[in-house]
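First up is the structure itself, then whatever we jot down about it.
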Amino acid sequence: MLRTSRTALVAIAATAALLLASCSDDKKEDTPTTPSVDASAFPAGSTMARLADQGTIIVGTKFDQPLFGLVGPDGTPVGFDVEIAKIIAAELGIAPEDITWKETVSQNRESFIQDGQVDIVVATYTINDKRKEVVDFAGPYYVAGQSLMVRADETSIASSDDLAGKKVCSADGSTPAKNIEENFPDTELVVFAQYTDCLDPLRNGQVDAVTTDNVILAGYVSESPDDFKIAGEQFTEEPYGIGLKKGDDDFRAFINDTLEASFTDGRWTTAWEDTAGTVLPTPTPPAVNRY
């Protein structure tokens, strides 16, 4: 199995960190501090009260997704998902430095939530009915769409209509991988633990395309424009939600309230423009689904 070199990942992380640090000193001075929150303000015995009282939260996120969740040179992840998690933590009185970040890949997101290894997962996590059988979701806070990334000189793949007979790489346990498996029977699916594991096989011609959400692929293209390009338009809708333990309705309502407030008070827009918005246009926040 070929894997992206650690040197390449560090280089990507360093570039992403520089992008995120590009805002002016005046903007940094205007950033509000984490509010002081009394745990007694929340219902006794609730997850919010517990987290506020302990002053820490464990967040599962990806460490290999440029623009959304990419581990920086100091070992701390940066990206839009990371900033969304910080917004939620702040409403609990938890400062960024008191967040514990746990690397979470597509295949282990549900198990980490169920086992209590994390309090929430913010990791380009598509809301779907099968996942809702075992975990709950707040959100969505963004709607992406599955797309294709190919080599920069590729001419035979212009859209998802051209996948017959091709080898397509994705992450094991991901929604894009399942979509290829179920709806593109003439396509050979190759899966690895993480999307970054697909990059060298694509460069080397061992696979013909990589598929995941458009925003994730845009991050890879932005880091390696001479190697990769996006082929065609997105062909699904992928609403990103925040995963939490099944049946924790009060916590889900709290996160949904926090997300909706951030949509209107500018925090969501700032989070986007400081991360994914360095490459992608600013979208309209989606409507929260309070199922």
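Bear in mind these aren't lab numbers, they're just calculated from the coordinates by the rules spelled out. Keep in mind the model is a prediction, meaning the values are calculated, not measured. Reconstructed Cβ throughout: ideal geometry from the backbone, glycine too, with neighbour counts over all protein chains shown.
Extension gain for Ala95-Gln206 works out to 35.5 nm (0.36 nm per residue, less the C-alpha to C-alpha distance). Restricting to bridges with both residues inside the chain, how much of the DSSP beta-bridge set is antiparallel, in percent to the nearest 5? About 60 percent, rounded to the nearest 5.
Beyond 26 Å in Cα-Cα separation lie the following of the pairs Lys62/Lys130; Lys102/Lys132; Lys102/Lys167; Lys178/Lys229; Lys62/Lys229; Lys86/Lys229: Lys102/Lys167; Lys86/Lys229.
Helical content of the chain, expressed as a calculated mean residue ellipticity at 222 nm, amounts to -9500 deg cm²/dmol (DSSP H runs of 4 or more residues, -39,500 (n - 2.57) each, divided by residue number, nearest 500). Distance from the C-alpha centroid of the stretch 68-103 to that of the stretch 135-155: 21 Å, rounded to the whole angstrom. Quick note on the chain: its Rg to Rh ratio, both from C-alpha atoms and Rh being the Kirkwood radius, is 0.97.
Extending 7 Å from Cα along the Cβ direction at Glu181 and again at Ala152 yields two label points whose distance is 3.4 nm. Sorting Asp129, Asp119 from the fewest to the most surrounding beta carbons within 10 angstrom yields Asp129, Asp119. For the stretch 167-247, the direction-averaged projected area of the alpha-carbon convex hull comes to 6.4 nm². Were the residues from Ala193 through Ser46 laid out at 0.36 nm apart, the gain over their Cα-Cα distance would be 49.5 nm. With the simple spin-label model, which puts each label point 7 Å out from Cα in the Cβ direction, the Asp115 to Lys229 separation comes to 4.3 nm. Ranked for footprinting exposure by Cβ neighbours inside 10 Å, fewest first, Asp81, Asp153 give Asp153, Asp81. DSSP bridge analysis restricted to the stretch 146-231 gives an antiparallel fraction near 55%, rounded to the nearest 5. Annotation: amide H-H contacts under 5 Å for Val190 (H modelled 1.01 Å from N, sequence separation of 5 or more, or interchain): Val168, Cys169, Ser170. 3J(HN,Hα) along the stretch 262-270, derived from phi through the Karplus expression 6.51 cos²θ - 1.76 cosθ + 1.60 where θ = phi - 60°, amounts to 5, 5, 9, 9, x, 5, 5, 4, 4 Hz, with x in place of Gly and Pro. Considering only Ala89, Ala209, Ala158, the Gaussian network model of the chain with Cα springs below 10 Å gives its largest mean-square fluctuation to Ala158. Computed from backbone phi, the HN-Hα couplings of the stretch 275-280 come to 10, 4, x, 6, 10, 10 Hz, rounded to whole numbers (Karplus: 6.51 cos²θ - 1.76 cosθ + 1.60, θ = phi - 60°; Gly and Pro given as x).
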